[in-house]
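Written below as structure tokens is the structure these notes are about.
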There are 2 protein chains.
Amino acid sequence: MTNALTLDIPAGLPYIDGQRDFDAPVAAVFRAHAEPDLVKQWLGPHGYEMDIEQYDFVSGGRYRYVHRTDEGDYGFHGVFHVVRENDFAIQTFEYEGFPDVVSIESLRFEDLGDRRTRLHVHAVYPTLEARDGMVSSGMETGMSQGYDRLDKLAQGL
Amino acid sequence: MTNALTLDIPAGLPYIDGQRDFDAPVAAVFRAHAEPDLVKQWLGPHGYEMDIEQYDFVSGGRYRYVHRTDEGDYGFHGVFHVVRENDFAIQTFEYEGFPDVVSIESLRFEDLGDRRTRLHVHAVYPTLEARDGMVSSGMETGMSQGYDRLDKLAQGL
């Protein structure tokens, strides 16, 4: 899979850096992040049902969603510090199982030309322990599976 | 000055940690963070005029303010991820002179009893360079002077 997610988990720094290419134009990849009816088709691991309670992908907007699984419900929420169409977004992120442990993520949508897009993700955690906990939660699998679905979805937009 | 600001700038980690005691009840220290007419009386270094364009200190709220100095204007803005009265807040923070370089700050208001309050600040930056740049911008002086004014202000509330 040439478009596979690459993750960098730097030792001793509370970051997660990801990069993923998509066979779709930047406008389609952005739109799949912007419209809740599209977001719920790809975000998260395979096989989870996603309920979006709020998702206002604009500067100053908010979001909250719940992944429903056989093991229980997992809620997430945050605010969008900035959203620039087809370009850039920064959001806070809280998994409600660890209240008040809040990370901040930037998303950069790079137009590669030839109807291809590279997504750059930089997530910063309040502690190294919070970063390591996120990594050990199976985040890489969830991101990877989600982006596989996003790639297919964005190709059809 | 027994209430002086103490700052920890850990080597190799993109954090700034601050702690400051106030001779005022937690409700007064919180209120001085919550009401823009009070915020503009203490936030920032001595001698700056502060214009608050927006300041909605609630979960999901936004803020923007400008410090006006003889050398020019300095704008700042962000969003409040969470605000809990007399307890806790998390906000994003962007100095508009470095657009898209966004930190996240948590504020914890600890009731020390005896009408005293301890404020704990944990700020996390997207890179070590951004953290170091903030430190070298004179942030410690600005925080220290601001908190001196906040202490006096909150004692009178």
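The values are calculated or read from the model by the stated rules, or taken from the named source; none is laboratory data. A quick note: this is a predicted structure, and the numbers were derived from the prediction, not measured. Methodologically, a virtual Cβ is constructed for each residue, glycine included, from the backbone with ideal geometry; neighbour enumeration extends over all protein chains shown. Remember, those area values only see protein heavy atoms, side chains included, never the ligands or the DNA or RNA. Shrake-Rupley method; radii C 1.70, N 1.55, O 1.52, S 1.80 Å.
Rounded to the nearest whole Hz, the Karplus-based 3J(HN,Hα) values (6.51 cos²θ - 1.76 cosθ + 1.60, θ = phi - 60°) of the stretch B:86-103 follow the sequence 6, 9, 7, 8, 10, 9, 8, 8, 10, 8, 5, x, 10, x, 6, 9, 10, 9, with x at glycine and proline.
Largest accessible area first, the listed residues A:127, A:6 line up as A:6, A:127 when surface is computed with a 1.4 Å probe on the assembled protein chains.
Need the C-alpha centroid separation for the stretch B:75-132 versus the stretch A:113-157, integer Å. Using only Cα atoms to place each centre, the spacing works out to 26 Å. log₁₀ I(q)/I(0) of chain B at q = 0.12 Å⁻¹, via Debye over equal Cα point scatterers, no solvent, to two decimals? The Debye formula, applied to the Cα set alone, gives -0.48. Residues B:94, B:35 ordered from highest to lowest accessible area at a 1.4 Å probe: B:35, B:94. If R0 is taken as 45 Å, the Cβ-Cβ distance between residue A:37 and residue B:116 corresponds to a FRET efficiency of 0.30.
In this entry, the stretch A:1-81 is assigned a mean projected area of 7.2 nm², taken as a quarter of its C-alpha convex hull surface. Straight-line cross-link reach from residue B:152 at under 19 Å between alpha-carbon atoms covers these lysines, not counting any fewer than eight positions away in the same chain: B:40.
Rolling a 1.4 Å probe across all protein chains gives residue B:106 an accessible area of roughly 30 Å². Directionally averaged projected area (the stretch A:89-157, Cα convex hull): 5.4 nm². Kirkwood hydrodynamic radius computed over the protein assembly as shown comes to 20.7 Å, based on all pairs of distinct alpha carbons.
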